[in-house]
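The values are calculated or read from the model by the stated rules, or taken from the named source; none is laboratory data. Given the structure is predicted, the values throughout are model-derived calculations rather than measurements. Ideal geometry is used to build each Cβ from the backbone, glycine not excepted, and the neighbour counts take in all protein chains shown.
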Amino acid sequence: MSDQNAAQKDRTPDWDMSPYFPEMDGNVYRTFRHTLDADVKSLLQHVHTLGKIEHGQLAVWIDLLQKLEEITARTGHLSSYLGCMGAADAGNETIQGETAAAKAARAGLVKIFVVIRAALKEADEDVFAALLNAPELNEATYFIGRLRKSASWSMEPELEALAADLDATGLSAWGRLYDQVSGTLEFDLVVPGQETRRLPVAMTRSLLEDADPTVRKAALDGANRAWEQTSSVTAACLNAIAGARLALYKRRGIQHFLEPALFDAGISHKTLDTIMAVAAARKAVAQRYLQRKAQLLGREKLGFQDLMAPLPLAYSERVNWAEARTRVLSAFESFYPDLARFAEMAFEQDWIDYSPRLGKRPGGFCSTSSIIRQSRIFMTYNETVGDISTLAHELGHAFHGWLMRDMRPWSRRYPLTLAETASTFAEQLLIDAVLTNPAATPAQRALVLDSRMQDGAVFLLNIPMRFSFEQAVYAERAQGELSVSRLKALMQEAQQEWYGDCLAPDELDPWFWASKLHFYITDVSFYNFPYTFGYLFSMGIFALAKKEGPAFLPRYEALLRLTGSDSAENVAAKSIGVDLEVADFWNASIDLIENDWALFQTETNNLFDTGA
């Protein structure tokens, strides 16, 4: 390959997006956009002519709901496409413009839902029951029931329509601004004795997994200098997003800023309180691991930049993409052949954009379209063991979507709490494949246990830390805007609350609030606690799978297919017979982490002479 072609490859995404549209802004794309916009406008006009939901009008309303579901699926298809394209090429002005235009056009769809919610709210109980019993709406009743429930939080229809119009240029615009800034932001990696390199901030996470402590420190310091330079913008984004939400909550009669997040997550406040109480009570499990990690790295306490550091083993390896693919497929095949066959298809059909390059947005995700019944995986693969886990994780997400591909769109809309079930399960298969392999070396076992314990630390410490920080931000934002210095202080307070003595007090990360994309997602609030829920929920499910063997897999798949059709509590009760509002299930999941901690101690004691 010539240097010119290699350079071009560095700028070209790996995935094939042509099943969505043959080309960005081509004729097929333009026709799709035009038809969708026209259909939304037509349905919006039609819904205003229907009046109340009454027995004599049920057929008309049923037809309307079916059309709306189909339009919603097409809107999701477009959103998935533009989200993927924008992540792969954050500086592309055409994509930015199309994303903004799609957000504006989506306001019409939101207005349709405004009218429907109002009508559902006013419908008599017997009429609503008859609507839900219609065969045409089979398997969509949970979604429609949630529409009626959410109507109690609605403003007058005229104000909800105005809010929908303003979203594109207000709340969502701040999120797009953050995406643009983070996707194009670069920093200088200054490592003593090495040539200074200019890198995108998307590279920071992988660099924090480098074996060289000077590289890790330089990566966090360099990235944070870049975030500091743009801190006025990121602070404005965070203040605007939280402020807009709080203003709308007040007008909608929402008493507490967590209520919409809990509703979106499909869990009760009691369940969330139970999870966080259990995490707080047992955070020492993860803290002991980090203290042991500090010992192994020759430090009294870790710095924030060391949280994802590899063990000091000569075995710490770089794993190329081909080998990563082989490892993931082999791990899946050993316990779950159907998952392996699915993953092979995803690789063969180029569903994954993995190459590092300038212009890529930070982070990783899986996006699914119910129109083409396919997913796309976005990540930046830098040949680390952690990147292999990310690959398995995102393939788990894609498999979840694949299992639901034949279901109607509204029954596929599962909450974030249950969205992490399949992804974490897939990760555990990857790790377990090493731990159960008799040919695995002590170093390999220690590395995978370290990876599993790192996950435990993330979900028992880091995610609750984000939750504490975000709660504090919303509480204070209700009184006025937060300064950059105040955001830094709240971030450090949250880190001290959850990490305790594990981290050196002068090596915290006060800029974490600026670098973490999750705080700036505008479609859903509090994009954090669902990850702790999903991790612990999946750990419990994985334990059942290991206990029952392959016979459990049909129950597991039935659980995944149910995730868009009931609350998390009911999904758990129906599928695996547990009560999520009591601590027992969550403590049992953390018991698995404690077991891994004991194994980690044993393996590292055998490998290192630390006096432990």
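Look at (1) free of Cβ contacts under 8 Å to residues at least 60 places away in the same chain; (2) assigned to a helix (DSSP H, G or I) and you find that THR49 fails only one, number (2). Taken over region 249-274, residues that are in contact (Cβ under 8 Å) with a residue 24 or more places away in the chain, farther than 22 Å from GLY145 by Cβ and surrounded by fewer than 17 Cβ atoms within 10 Å (Cβ to Cβ) amount to 1.
Just give me the residues in region 332-383 being in contact (Cβ under 8 Å) with a residue 60 or more places away in the chain, part of a loop (DSSP other than H, G, I, E, B) and touching a helix residue (DSSP H, G or I) at 6+ places or on another chain (Cβ under 6 Å), in sequence order. Correct list: ARG357, LYS360, ARG361, PRO362, GLY363, SER370, ILE371, THR380, TYR381, ASN382.
Of the residues screened, PHE600 is not one that is out of contact with any Lys or Arg (no Cβ under 8 Å at 6 or more places or on another chain) and in a helix (DSSP H, G or I).
Of these, GLY540, GLY564, which one is over 16 Å from PHE335 (Cβ atoms), touching a Lys or Arg at 6+ places or on another chain (Cβ under 7 Å) and buried (at least 16 other Cβ atoms within 10 Å of the Cβ)?
Values: GLY540 fails: touching a Lys or Arg at 6+ places or on another chain (Cβ under 7 Å).
Residue meeting the stated conditions: GLY564.
The single condition among (1) in contact (Cβ under 8 Å) with a residue 40 or more places away in the chain; (2) surrounded by fewer than 19 Cβ atoms within 10 Å (Cβ to Cβ); (3) more than 21 Å from the chain's Cα centre (by Cα); (4) part of a helix (DSSP H, G or I) that GLU581 does not satisfy is (4). Taking region 120-160 as the range and being within 16 Å of PHE263 (Cα to Cα) and small (Gly, Ala, Ser) as the test, the residues that pass are GLY145, SER150, ALA151, SER152, SER154.
Taking helices (runs of 4 or more DSSP H) as the structural unit, those lying wholly within region 86-181 and holding at least 1 residues that are at pLDDT 85 or above, among the basic types (Lys, Arg) and surrounded by fewer than 16 Cβ atoms within 10 Å (Cβ to Cβ) correspond to 141-150. Listed conditions (1) part of a loop (DSSP other than H, G, I, E, B); (2) within 20 Å of TRP227 (Cβ to Cβ); (3) not aliphatic (A, V, I, L, M) are all met by ASP523, apart from (2).
The condition (being at pLDDT 95 or above and farther than 29 Å from LEU297 by Cα) is satisfied by just one residue among LEU560, LEU503: LEU560. For region 482-537, the tally of residues that are in contact with a helix residue (DSSP H, G or I) (Cβ under 7 Å, 6 or more places away or on another chain), closer than 20 Å to LEU290 by Cα and either of a type in the set (Lys, Arg) or surrounded by fewer than 19 Cβ atoms within 10 Å (Cβ to Cβ) (or both) stands at 3. Among the residues of region 431-448, is there at least one that is assigned to a helix (DSSP H, G or I), within 20 Å of the chain's Cα centre (by Cα) and charged (D, E, K, R)? No, there is no match, as no residue in region 431-448 is assigned to a helix (DSSP H, G or I), within 20 Å of the chain's Cα centre (by Cα) and charged (D, E, K, R).
This table checks each residue for (1) aliphatic (A, V, I, L, M); (2) free of Cβ contacts under 8 Å to residues at least 60 places away in the same chain.
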| residue | (1), (2) |
| --- | --- |
| VAL201 | yes, no |
| ALA218 | yes, yes |
| GLN229 | no, yes |
| ALA247 | yes, yes |
| MET276 | yes, no |
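Looking only at region 553-606, residues that are touching a Ser or Thr at 6+ places or on another chain (Cβ under 6 Å) and of a type in the set (D, E, K, R) come to 1 in all. Look at region 24-46: where a residue is β-branched (Val, Ile, Thr) and a partner is surrounded by 11 or more Cβ atoms within 10 Å (Cβ to Cβ), sitting 6+ places away or on another chain with Cβ atoms under 7 Å, you get VAL28/PHE21; VAL28/PRO22; VAL40/ILE71; VAL40/ALA105; VAL40/GLY108; VAL40/LEU109.
Return a yes/no flag: does region 527-536 have any residue that is farther than 30 Å from SER172 by Cβ and either assigned to a helix (DSSP H, G or I) or under 26 Å from the mean Cα position of the chain (by Cα) (or both).
yes
Inclusion of LEU482 among residues that are touching a residue at least 60 places away in the same chain (Cβ under 8 Å) and within 21 Å of the chain's Cα centre (by Cα) is not warranted.
Just one residue in the set ASP179, ASP167, ASP212 is free of Cβ contacts under 8 Å to residues at least 60 places away in the same chain and of a type outside the set (A, V, I, L, M); that residue is ASP212.
Taking the stated definitions as given, is ALA392 crowded, with 24+ Cβ neighbours inside 10 Å, in contact with a Ser or Thr (Cβ under 7 Å, 6 or more places away or on another chain), among the aliphatic types (A, V, I, L, M) and within 30 Å of ARG318 (Cα to Cα)?
Values: crowded, with 24+ Cβ neighbours inside 10 Å: yes; in contact with a Ser or Thr (Cβ under 7 Å, 6 or more places away or on another chain): no; among the aliphatic types (A, V, I, L, M): yes; within 30 Å of ARG318 (Cα to Cα): yes.
No.
Looking across region 199-242, the residues that are among the charged types (D, E, K, R) and either part of a helix (DSSP H, G or I) or at pLDDT 95 or above (or both) come down to ARG205, ARG216, LYS217, ASP221, ARG225, GLU228.
When ALA598 is tested against (1) more than 18 Å from LEU418 (Cα to Cα); (2) of a type outside the set (Asp, Glu); (3) in contact (Cβ under 8 Å) with a residue 24 or more places away in the chain; (4) exposed (fewer than 15 other Cβ atoms within 10 Å of the Cβ), just one condition goes unmet, and that condition is (3).
Of all residues in region 194-225, those that are of a type in the set (Lys, Arg) and farther than 24 Å from LEU447 by Cα total 3.
Kindly indicate whether any position in region 447-470 is surrounded by 21 or more Cβ atoms within 10 Å (Cβ to Cβ), at pLDDT 90 or above and over 27 Å from GLU394 (Cβ atoms). Within region 447-470 (the criterion being surrounded by 21 or more Cβ atoms within 10 Å (Cβ to Cβ), at pLDDT 90 or above and over 27 Å from GLU394 (Cβ atoms)), the answer is no, since none of the residues qualifies. Residues that are of a type outside the set (Phe, Trp, Tyr) and in contact with a Leu (Cβ under 7 Å, 6 or more places away or on another chain) were ranked within region 182-195; the one that is surrounded by the fewest Cβ atoms within 10 Å (Cβ to Cβ) is GLU186.
For region 402-412, indicate whether the set of residues that are farther than 24 Å from PHE526 by Cα, touching an Asp or Glu at 6+ places or on another chain (Cβ under 9 Å), surrounded by fewer than 23 Cβ atoms within 10 Å (Cβ to Cβ) and among the basic types (Lys, Arg) is non-empty. Taking every residue of region 402-412 in turn, at least one turns out to be farther than 24 Å from PHE526 by Cα, touching an Asp or Glu at 6+ places or on another chain (Cβ under 9 Å), surrounded by fewer than 23 Cβ atoms within 10 Å (Cβ to Cβ) and among the basic types (Lys, Arg).
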